[in-house]
1. Could you give every pair whose Cβ atoms fall below 7 Å, whose first residue belongs to the stretch A:208-229 and is facing chain B (nearest Cβ under 9 Å), and whose second residue is outside any helix (DSSP H, G or I), counting only separations of at least 6 or pairs across chains?
2. Restricting attention to the stretch B:37-82, report how many residues are facing another protein chain (nearest Cβ under 7 Å) and of a type in the set (S, T, N, Q).
3. Considering only residues that are free of Cβ contacts under 8 Å to residues at least 24 places away in the same chain and either hydrophobic (A, V, I, L, M, F, W, C) or not in a helix (DSSP H, G or I) (or both), look in the stretch A:310-341 and name the one that is nearest to A:His283 (Cα to Cα).
4. Among the numbered criteria (1) closer than 17 Å to B:Leu122 by Cα; (2) free of Cβ contacts under 8 Å to residues at least 12 places away in the same chain; (3) not small (Gly, Ala, Ser), which one does A:Tyr190 miss?
5. Take the stretch B:141-167 and flag every residue that is out of contact with any Asp or Glu (no Cβ under 7 Å at 6 or more places or on another chain) and either of a type in the set (D, E, K, R) or part of a strand (DSSP E or B) (or both).
6. For a quick check of your reading: which helices (runs of 4 or more DSSP H) sit entirely within the stretch A:1-86 and have at least 2 residues that are at pLDDT 90 or above and under 26 Å from the mean Cα position of the chain (by Cα)?
7. Would you point out the residue of the stretch A:115-168, among those that are within 8 Å of chain B (Cβ to nearest Cβ), of a type in the set (S, T, N, Q) and assigned to a loop (DSSP other than H, G, I, E, B), that is surrounded by the most Cβ atoms within 10 Å (Cβ to Cβ)?
8. Can you name the residue in the stretch B:94-130 that is more than 8 Å from chain A (Cβ to nearest Cβ) and under 21 Å from A:Ala176 (Cβ atoms) and is also surrounded by the fewest Cβ atoms within 10 Å (Cβ to Cβ) among such residues?
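The values are calculated or read from the model by the stated rules, or taken from the named source; none is laboratory data. As the structure is a prediction and not an experimental result, all values here were calculated from the model. Cβ atoms come from the backbone with ideal geometry, glycine included; neighbour counts cover every protein chain shown.
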Amino acid sequence: MTGKDMTYARITNEILLPVENKPNKAWWIGFIVSALGAMLWVVSISLTFWYGLGEWGLNKTVGWAWDITGFVWWVGIGHAGTLISAVLLVFSQNWRNSINRSAEAMTIFAVICAATYIVAHMGRPWLAYFTLPLPNQYGSLWVNWNSALMMDVFAISTYFSVSLLFWYTGLLPDIASIRDRAKGLRRRIYSILSFGWTGSLKTWQRFETVSLILAGISTPLVLSVHTIVSFDFATSLEPGWHTTIFPPYFVAGAIFSGFAMVQTLLLVTRKVLGLENYITMFHIESMNKIILLTGSIVGVAYITEFFIAWYSGVEYEQYAFINRATGPYWWAYWSMMSCNVISPQLFWSSKLRRNIPFSWALSIVVNIGMWFERFVIIVTSLHRDYIPSSWAMFYPTWVDVGVFIGSIGVFFTLFLLFIRVLPSVAIAEVKLLLKTASEQAKMKQIKEGHLEPAEVQYYKESLTKYDSVDMADYENV
Amino acid sequence: MSKTKIILGCFDDPDDMMQGITNLQKNSVPIYDIYTPMPIHGIEAKMGVKDSRLGYAAFCFGCLGLTVITSIVYYTLVGDWPQNIGGKPSFAMPDFIPFMFEWTILFTAFGMTLTFFAATHLFPGRAPRVMDLRATDDRFIIAVDAKGNIPHDDITNLLKDAGAVEVKHNERKYVSYE
């Protein structure tokens, strides 16, 4: 945390500023655009439900296309939130404190978007209960517990509900902060939402225990979710899908795309809501480093896949990969390669890592690249199967495009509503940083002479990268 | 007899509040409760609060979830309606592990958190029992029951000595939301 004269009251005031005041113009513009996107989603999904999956561009050969691509893309994006809130908590990385709230919110909204794709893909969503092991009129013919799709039902529903629980429990103290500052109806609403939180000694003690255990169990949960998503493909006999590298490769890709989406959202949120002192250059750079690392893992996975296709000697597998890179969908493959493997390598340069407009642009590039990755895996593997006579191309209809663009609209609508009604930064957790990991506390230590001159020098040098720090304050220190 | 029900020592710094606790404890003044806007590390040991047992609850709920899902899967696919899939055994243990894992997590998370809510009396619609509105903002509050702890001025002085910015003698225990 950076900034001079930071107090507990100032933290509350600054973070609650967007919640307690009328939205500004930037928010309204963003909200209207997102809401229009969400409307497009409503129209597209309604047409899908009314007329059935014939509204999509699917054909006999390519039976899975944009819908599953969108599903995997959103689930992957969701992963970063849990990763930031859970894994970094387990490893006591307290820099997570200022970004975990919005990242978790992003997880929830991304998983909601992902879930809509599954429901839509069912064709007859009113029969969604068929996925549950309920006694029925067929005998009882139960669900097939051997199916990876069944595992997906359990993984995604558990992931969504546990993430929601984790997020909401963490919100309770902050909702109480809003409640105690509000008047009238607002107070009443936030009072109900706060569950009667008081912040007493025992409450906090239990709260911390609960947070730590939830983080501990969410960590393997988040890894299991994308592993199981990859099972949907890996357990099939389709060349290009049937590979054992899929689980770790999907998880790395999920973290990669998730951090890119966090970056896309937070760089804008930080600027618009004036959160420069909480979401600092340290956060931006750390996230960029994670993008670089996971992007490289994904790159290694792509190359390994290609190598193994050749090394296995299986001609179908070999053809699937040659077809990806040089077939009719070569443009998708090379978009994926350049967006996901080549572009993140630019982050080896510390100058680019700390350049905010560049980081933002690159996060968009990564998001596009990760969408292409799923498209390549799904459509190019399917479109040329074992029988050349059934080879086909996939052409999306406008409903396909509408569902996808629309889901982005739904996501941003939810996110924009979230930053208006709930604190986008975990207030209580950021307050913990005030006397430990803040610029102000460090400054006090320096002034009181607790640090070695060499340490001070190093600290000053590392501060130059922060856009929210005025170096003039350090001239005489 | 004064009408004071509760004495609140309001601090603007957690370290001063800890000093306040020390002062009260040295003089054997029992503390009713402490309200803070953030968790204070090390306060449990000082106040003699035992470790939370929610971890045990979490473990039990995890075991319950594992048992429930294992029973469901076993009953449906092995007991009630075994399916012949390529002549393989219907008790396909590796296939069941993801379900067992997911529901262990699901039950642990919900069981533990709901236990936390129940033990702490947190539920939607509960009237917040707030003693000071700034306890969720920037004040660290030590609450002392006024009854039996006299003279009140001594307590006030103990809190002031520790650096309390304000000491309140409230006639009502909770700030009421009208």
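1. A:Glu208/B:Pro39; A:Thr209/B:Ser52
2. Count: 2.
3. Checking each candidate, the answer is A:Trp334.
4. Of everything listed in (1) closer than 17 Å to B:Leu122 by Cα; (2) free of Cβ contacts under 8 Å to residues at least 12 places away in the same chain; (3) not small (Gly, Ala, Ser), A:Tyr190 misses just condition (2).
5. Passing the criteria: B:Ile142, B:Val144, B:Asp145, B:Lys147, B:Asp153, B:Asp154, B:Lys160, B:Asp161, B:Glu166, B:Val167.
6. Counting at least 2 such residues, we get A:25-51, A:66-82.
7. Here the residue is A:Asn146.
8. Within the stretch B:94-130, the match that is surrounded by the fewest Cβ atoms within 10 Å (Cβ to Cβ) is B:Ala118.
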